[in-house]
1. Report yes if some residue within segment B:235-243 is of a type outside the set (Gly, Ala, Ser), within 14 Å of another protein chain (Cβ to nearest Cβ), in contact with a Gly (Cβ under 9 Å, 6 or more places away or on another chain) and touching a residue at least 60 places away in the same chain (Cβ under 8 Å); otherwise report no.
2. Keeping to segment A:245-259, report how many residues are within 13 Å of chain B (Cβ to nearest Cβ) and among the hydrophobic types (A, V, I, L, M, F, W, C).
3. Please determine, by comparing only the residues of segment B:210-232 that are without any contact (Cβ under 8 Å) to a residue 12 or more places away in the chain and of a type in the set (A, V, I, L, M), which one is farthest from B:Trp112 (Cα to Cα).
4. Looking only at residues in segment B:141-190 that are over 20 Å from the mean Cα position of the chain (by Cα) and of a type in the set (Ser, Thr, Tyr), which one is surrounded by the fewest Cβ atoms within 10 Å (Cβ to Cβ)?
5. Within segment A:300-309, can one find any residue that is at pLDDT 95 or above, over 23 Å from A:Gln435 (Cα atoms), surrounded by 21 or more Cβ atoms within 10 Å (Cβ to Cβ) and of a type outside the set (Lys, Arg)?
6. If you check A:Ser476 against the conditions, is it within 14 Å of another protein chain (Cβ to nearest Cβ) and either over 18 Å from A:Asp375 (Cα atoms) or modelled with pLDDT under 80 (or both)?
7. Within the group A:Glu135, A:Glu120, A:Glu127, A:Glu113, which residue is more than 14 Å from chain B (Cβ to nearest Cβ), surrounded by fewer than 19 Cβ atoms within 10 Å (Cβ to Cβ) and in contact with a Ser or Thr (Cβ under 7 Å, 6 or more places away or on another chain)?
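The values are calculated or read from the model by the stated rules, or taken from the named source; none is laboratory data. Predicted model, so just to flag it, every value in this text is computed and none were measured. Cβ sites come from the backbone with ideal geometry, for glycine too, and all protein chains shown count toward neighbours.
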Amino acid sequence: MAFSVLEGCGSDSGTTTTAAPAETTTKAAQAETTKANNDTPATTAPAETTPEETEPVPAEPAELRMSIDFEPTTLDPHNSQDDVTIKLILLSNEGLVRNRGGSIVPGIAESWEISEDGLEYTFHLRESKWADGTELTAEDFVYAFRRIVDPNQAYQQAEGAYLVLANAMEYHTGKITDVEELGVKAIDDHTLYVKAVSPGTEMLYTLAGADWIPIQKSVADPAGPAYGTEAQYVSNNGPYKITAWEHQSKVVLEKNENYWDKDNIHLDKITGFINATGQTAADMMLAGDLDYMTTTNSEIHDQLVEAGFKSFSYTSSLQCLLTGGSNTGLDVYFENEHFIKAMNLAINRKAITDTLYKGGIPASRISWPTMKGVDKPFVEEYPYEAWSIEGEPEKAKAEMDLALQELGKTIDEVPEICVLCYESEKNLLLIQAMQDMYLKTLGIKLTIEPLPIQAMFSKVFSNDFDLWWSGMSIGSQDWGSPDGFLSSFDWRNEGYTGSWKDEEFARLYDIVKTTGDLKERKDALFEIEKILCEQHPPFLLAAYTQAYICYSPDYTDPELARYDDITYMMLK
Amino acid sequence: MLKYVIKRLIFSVLTILVLITATFFLMKALPGDPFQNDKVPKEVQMRQKAYYGLDKPVVVQYFQYLNNLIHGDLGTSMKNFGREVTSYIREGFPVSASLGLAAFFAGQFISWPLGILASQFRNKAPDYLVVFIAVCGIALPEMVIGPVLRYVLGVKLKALPVTGWGTWQHYVMPVMVMLFGSTGMAVRSHRANLLSVSTQDYMKTARAKGMSPAKVVFKHQLRNASVPWFTGIPGTLARLMTGSMVIENIFLIPGMGKHLVNALDALDYPVVMGLTLFYGTMMIVANFISDMMYGIVDPRIRIH
């Protein structure tokens, strides 16, 4: 499961807005001016010169200056957990396949075969090189895949490998000791065999992620624990290479001339300014010091669009209240279907997103408006409204009355419910609004416990909470992906602490995980969505968080894959 | 005097030790565990803890930490995997220090003239104006002044770079923001000290002797009023040089200011311990130097 306290990132088509071009002088305009100054005027006959006498004007390097929200924790893909780090890794590295615009396309593997049972993959690697010119072979993938589950290490992403690679868990936890039994082998320099844990469409999306890029042994081994901590301690095989990392200041990437598809890469340099967020980044954009930034603040978005920047938005996470597990003392209430329904119907999501959570979209179901279906958006192919976004206070009261009747309690006997959250001003305002809604509509009292991030997660992982205000990951493909939130509700997972169980959910989830048929997957997801919305086991969904990308009109549009993707951007 | 110095030195070392001990045990008392994560199997979490020595009893961890300190090892970050704590200081401190020094020296050129002006025209218009300016500077928070200056001077007028570090232009706005608060307090302090000295007998004697007002101020008044300021320099510098999280965030300055707050949020024990120790040691050393300077500049205070 992937929780995001603030916002995660998502994979679906976004929406783009453009205003009138910015009035400030842009790089393209400067290039045009330079070109114009060097051109022979139209009214003058062209001078008769030999080619040697005419010196071509060198093209200005195409540079994109972008914001980076915070200091990357590491550039080691096996310890990368945040989207800042993952984006940088995916700019400078490429795995077997690439997630381009939400679809899987060949990466280092130019083709592959999948066995009939969907478990065995044979990847045929193209001729490719590391940024330093050495040849990249299948052994580099074997090295990386073995490294992530090295039992002598404790890489953060190792657990993710359990769901992907055959025998990953067994090898990592020491149940097997022969690394040859791990589900990866180099047949020859350009043929890689991979055995998956389960069949399904997820495998390739997972292999497109940052965890499954190759690693250059000749860089990683000498670096040891320092791998990923500095620019000189990373290996690059992707469209760009990281050439500088000034901590707390900037990361610089330059076009990798040894990348196999370099002709389709048009930016020569990308400079990422660390900690450039919010109004700081917006002021940099307005001053012409930045070309590209991300924000979830709709006011900043509006400010930049008004100033002439283009924008692109997508759903980055689902904001919801998650109910605590079996040791909260409030279980008897949360397990009551009517109680949960009452709590769900009492929330006026529209009021929250109109005032406090600007930029968010109020949710009336789990699937967000732009989530991909089979051929069209999911919400078009599977229309559904689970509840009104304005809340249904009368229905909420009726449900609460039924709940109290079943439980043999009065409203005054309902204990105070404590909401755990990350200590940000925005979260506090939101939960205070909900406090007010619950008190006025149902007579339920909420208290708030804001905590620093690690202290908050400690309580979450030890299940010491009543409700938790959290962002839920929307997954690589959709919310049924292994890195989406759906796995959190599978009680068959080790570590599941909830009390909700549903056999039909389990049956449908198994289909999602194993089917290779996209229609069958989406059908099952829809059925699961109805179950979750009607039973409300462990969560109350409030809104979809929108992330905005704002960028200079001098550039072509970014793409959207797992995250916003600037790889193929160019100066117009 | 020597006895006094040695006594103060021993006291300073003991204070540092108390600082280390208090910080260490307070960190351990904080709720949460940096490695608790339901995505990671228990045996792997145990391995992570063992790597950082967190599987041992707290007292053992404490003495291990002291031993590492003696060898100059402040440990590695638990969040920025593999980064040594000393690298945070090595990279960030020179930036924060240079910004602090610039603000300090700039502040002297502003605070002293204003303080002298206010003291010479006590309870008259110039005095009221200076005090008003000083109070405004103290009252306005950095997180308000900073973005406003950045927008006006950087975005609208394009007179200075909006953010970043590396040229003299990058110093201007951050130093201006730092000056608002610190200079305001300095002006009031200088004014008070100058006024306090102005009522002394030797001041009346100097005026009675026919000494010019300027000479009275610079030869007698300023010299005696500056003793508290002079002896407070080490402490002031230590505070300014350790960085301001707010200013560094506003202007994207790669200093040390924000590391401690971020490390506390993430329960990154080695970074919290290392930076607290660094800051604390700086302040303790600064106080020690201040104590020594008192004895040097004012014979009345010198202890034999």
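1. Step one: filter segment B:235-243 for residues of a type outside the set (Gly, Ala, Ser), giving B:236-237, B:239-242.
With the extra rule that they be within 14 Å of another protein chain (Cβ to nearest Cβ), the set shrinks to none.
No, the conditions are met nowhere in segment B:235-243.
2. Initially, segment A:245-259 is screened for residues within 13 Å of chain B (Cβ to nearest Cβ), giving A:245-251.
Narrowing the set further to residues that are among the hydrophobic types (A, V, I, L, M, F, W, C) leaves A:245, A:251.
Result for segment A:245-259: 2.
3. In the first step, residues of segment B:210-232 are kept if they are without any contact (Cβ under 8 Å) to a residue 12 or more places away in the chain; the result is B:210-212, B:214-215, B:218, B:223.
Filter once more, so that each one left must be of a type in the set (A, V, I, L, M): B:211, B:214.
On the way: B:Met211: 21, B:Ala214: 14 Å.
Checking each candidate, the answer is B:Met211.
4. B:Thr167
5. Yes, segment A:300-309 contains a residue that is at pLDDT 95 or above, over 23 Å from A:Gln435 (Cα atoms), surrounded by 21 or more Cβ atoms within 10 Å (Cβ to Cβ) and of a type outside the set (Lys, Arg).
6. Details: within 14 Å of another protein chain (Cβ to nearest Cβ): no; either over 18 Å from A:Asp375 (Cα atoms) or modelled with pLDDT under 80 (or both): yes.
No; evaluated as a whole, the condition is false for this residue.
7. Details: A:Glu135 fails: in contact with a Ser or Thr (Cβ under 7 Å, 6 or more places away or on another chain); A:Glu120 fails: in contact with a Ser or Thr (Cβ under 7 Å, 6 or more places away or on another chain); A:Glu127 fails: in contact with a Ser or Thr (Cβ under 7 Å, 6 or more places away or on another chain).
Among A:Glu135, A:Glu120, A:Glu127, A:Glu113, only A:Glu113 is more than 14 Å from chain B (Cβ to nearest Cβ), surrounded by fewer than 19 Cβ atoms within 10 Å (Cβ to Cβ) and in contact with a Ser or Thr (Cβ under 7 Å, 6 or more places away or on another chain).
So that you can scan it fast, the table gives a plain yes or no per residue for (1) more than 10 Å from chain A (Cβ to nearest Cβ); (2) among the basic types (Lys, Arg); (3) part of a helix (DSSP H, G or I); (4) farther than 30 Å from A:Leu304 by Cα:
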position	(1), (2), (3), (4)
B:Asn67	yes, no, yes, yes
B:Gly72	yes, no, no, yes
B:Asn80	no, no, no, yes
B:Leu99	yes, no, yes, yes
B:Ala102	yes, no, yes, yes
B:Pro113	yes, no, yes, yes
B:Ala134	yes, no, yes, yes
B:Gly137	yes, no, yes, yes
B:Leu160	no, no, no, no
